[in-house]
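S.K.: Below you'll find the structure I mean.
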Amino acid sequence: MPDDETQTPTLNREAIARTPHDPRAQPLPGAAEGPSPWLLRLIAVGLVLAALNLRPAITSLGALLEEVRDGLHMSGSVAGVLTSVPPLCFAVFGVMAPRLARRFGAGAVVCAGMAAIAAGLVVRPYIGSTAGFLAASALALMGIAVSNILMPVIVKRWFPDRVGTMTGLYSMALALGTALAAALTVPVTGALGGNWQTGLVVWAVLAAVAVLPWIVLVRDRTPAPGRPAPAAANATEAPPLKITRSRTAWGLACFFGLQATAAYITMGWMPQIFRDAGVSAGTAGLLLAVTMAMGVPLAFVIPRVASRLKNQGPIVVVLGLCGLIGYSGLYLAPAAGAWAWAVLLGVANCAFPLALTMIGMRARSGAGVVRLSAFAQSTGYLLSIPGPLLVGVLYQHSGGWGLPIALMAGLMIPQMVAGILAGRDRTIEDEC
């Protein structure tokens with residue numbers, strides 16, 4: 001895969017609007033022949049396997065956090081820090097992805113990311129200290145961070161006419177990996193002897209398998225569809241984007257950060273809300289699994305629908321209203337309507353695949369997508385860090401869930417506003 005693969009030149013609107021089925025469409029000057037079907041199928045497999053590994057490092061730890069704390073003699077405050085480490089790492093390491101992709105190629109970076117996830121998951125259960133556990137977790141999260149950023153770039157580069165479909169495919173795989181790790185870690189640990197180290201390390205196998213297709217893609221030199229040859233690229237190279245001038249980019253960053261805030265609050269605190277309302281621990285865990293599982297089918301459907309619309313604002317509003325109704329239910333009747341609130345909040349959490357789809361649609365070039373993806377996700381994850389901590393503080397000082405739930409519901413309003421701004425039919429190249 002070429003080293004400069006992310007620096008695809010900006011194309012004019014007419015060329016982009018044409019699809020491969022348009023009889024008027026002509027090859028770009030200097031364009032090389034597209035990749036073979038088997039290579040595209042391999043890339044699709046690689047995307048699915050990579051997406052399956054983007055959350056188990058987090059949700060498997062949550063399932064065994066009490067055992068990890070006891071095993072490493074970890075204080076409660078340090079264990080609390082663990083809940084904020086993922087978004088922090090995503091923000092810090094995510095900004096490295098564009099530079100790494102320009103130098104080594106997006107495929108090579110994703111391959112290295114999967115290897116880092118596998119290495120971190122293998123090392124952290126057996127390192128024997130809290131500091132070492134955090135460092136190994138950071139290694140795995142670094143691999144997740146750069147892969148998070150580059151997934152939309154891979155889709156835009158290799159599947160420019162199927163952005164919605166392919167984004168839905170890997171978003172569905174991401175949701176499936178999240179739900180499987182949450183649901184299976186505890187029973188798998190019991191089946192393997194009850195040792196928490198074994199229960200955590202088993203997820204390294206999935207990451208190791210995900211490395212394999214990307215090894216082939218690192219060695220591949222086939223140009224992407226419609227990719228101009230180097231001479232043509234040099235002739236039409238666009239100046240660097242000043243992405244901070246784009247209202248669309250800022251809207252996407254805020255939308256991404258607010259949906260991430262809601263997702264981490266849900267993963268971290270929703271079971272406790274139900275348990276405090278009198279729901280059993282087992283049922284509370286199952287309710288969280290239902291919320292996470294809602295993302296499996298909807299993560300495939302929503303990007304496909306969104307990619308066919310010029311403006312994604314209506315979808316943003318529908319998801320936001322589901323969140324408002326779900327939080328209102330948690331406040332008024334948390335136990336009586338628990339299953340309904342779990343389903344509605346699961347629908348609201350599907351703002352994540354919608355955000356990924358809009359990243360692929362709000363830039364015309366591969367270079368624009370990688371810049372937008374890095375900016376929106378890194379800035380968004382920084383914005384999401386205080387949310388789960390603030391919910392904990394409000395819960396501790398108020399002695400109940402009234403104020404925290406009011407905060408969760410209140411954040412839905414700016415999320416909808418930012419999403420409407422990000423969903424307008426325009427690209428960052430128009431604004432930078």
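Residue-by-condition table, conditions (1) at pLDDT below 90; (2) more than 23 Å from residue 196 (Cα to Cα):
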| residue | (1), (2) |
| --- | --- |
| 53 | no, no |
| 77 | yes, no |
| 111 | no, yes |
| 119 | no, no |
| 125 | no, no |
| 137 | no, no |
| 160 | yes, yes |
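S.K.: Restricting attention to segment 306-320, does a residue exist that is in contact with a Ser or Thr (Cβ under 9 Å, 6 or more places away or on another chain), open to solvent by less than 30 Å² (accessible area, probe 1.4 Å), part of a helix (DSSP H, G or I) and within 30 Å of residue 158 (Cβ to Cβ)?
M.R.: Yes, because at least one residue in segment 306-320 is in contact with a Ser or Thr (Cβ under 9 Å, 6 or more places away or on another chain), open to solvent by less than 30 Å² (accessible area, probe 1.4 Å), part of a helix (DSSP H, G or I) and within 30 Å of residue 158 (Cβ to Cβ).
S.K.: Here's a follow-up. In segment 289-339, which residues are among the hydroxyl-bearing types (Ser, Thr, Tyr) and more than 30 Å from residue 426 (Cβ to Cβ)?
M.R.: Initially, segment 289-339 is screened for residues among the hydroxyl-bearing types (Ser, Thr, Tyr), giving 291, 307, 327-328, 331.
Once the filter is applied, which keeps residues that are among the hydroxyl-bearing types (Ser, Thr, Tyr) and more than 30 Å from residue 426 (Cβ to Cβ), segment 289-339 yields 291, 327, 328, 331.
S.K.: Additional query: Only one of (1) aliphatic (A, V, I, L, M); (2) modelled with pLDDT of 90 or more; (3) under 30 Å from residue 243 (Cβ atoms) fails for residue 58. Which number is that?
M.R.: (2)
S.K.: State the number of residues belonging to segment 381-424 that are in contact with a Leu (Cβ under 9 Å, 6 or more places away or on another chain) and within 30 Å of residue 369 (Cβ to Cβ).
M.R.: The number of residues fulfilling the criteria is 17.
S.K.: Could you list, in sequence order, the residues of segment 358-373 that are within 14 Å of residue 248 (Cα to Cα), assigned to a helix (DSSP H, G or I) and open to solvent by less than 10 Å² (accessible area, probe 1.4 Å)? Write out each step before concluding.
M.R.: As a first pass, look at segment 358-373 and keep what is within 14 Å of residue 248 (Cα to Cα): 358-364, 368-369, 371-373.
From the residues that got through so far, the ones that are assigned to a helix (DSSP H, G or I) too are 358-361, 368-369, 371-373.
Scanning segment 358-373 gives 358, 359, 360, 368, 369, 372, 373.
S.K.: Do any residues in segment 401-416 that are surrounded by 17 or more Cβ atoms within 10 Å (Cβ to Cβ) have Cβ atoms under 8 Å from those of residues that are part of a helix (DSSP H, G or I) and of a type in the set (Asp, Glu), where the two are at least six apart or on different chains, and which pairs are they?
M.R.: Final answer for the pair search is 401/276.
Matching residues to (1) assigned to a loop (DSSP other than H, G, I, E, B); (2) touching a helix residue (DSSP H, G or I) at 6+ places or on another chain (Cβ under 6 Å); (3) more than 22 Å from residue 313 (Cβ to Cβ); (4) at pLDDT below 90:
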site: 212; (1), (2), (3), (4): no, no, yes, no
site: 233; (1), (2), (3), (4): no, no, yes, yes
site: 264; (1), (2), (3), (4): no, yes, yes, yes
site: 283; (1), (2), (3), (4): no, no, yes, yes
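S.K.: Which residue, of 345, 298, is in contact with a Cys (Cβ under 9 Å, 6 or more places away or on another chain), in a helix (DSSP H, G or I) and open to solvent by less than 10 Å² (accessible area, probe 1.4 Å)?
M.R.: On the way: 298 fails: open to solvent by less than 10 Å² (accessible area, probe 1.4 Å).
Matching residue, one of 345, 298: 345.
S.K.: Does residue 324 qualify as being surrounded by fewer than 24 Cβ atoms within 10 Å (Cβ to Cβ), in contact (Cβ under 8 Å) with a residue 60 or more places away in the chain, in a helix (DSSP H, G or I) and over 15 Å from the mean Cα position of the chain (by Cα)?
M.R.: On the way: surrounded by fewer than 24 Cβ atoms within 10 Å (Cβ to Cβ): yes; in contact (Cβ under 8 Å) with a residue 60 or more places away in the chain: yes; in a helix (DSSP H, G or I): yes; over 15 Å from the mean Cα position of the chain (by Cα): yes.
When the stated conditions are applied, residue 324 passes them.
The values are calculated or read from the model by the stated rules, or taken from the named source; none is laboratory data. Note that the structure is predicted; figures quoted are calculated from it, not measured. Virtual Cβ from ideal backbone geometry, glycine too; neighbours counted across all protein chains shown. SASA here: full protein model, heavy atoms, side chains in, ligands and nucleic acids out. Shrake-Rupley method; radii C 1.70, N 1.55, O 1.52, S 1.80 Å.
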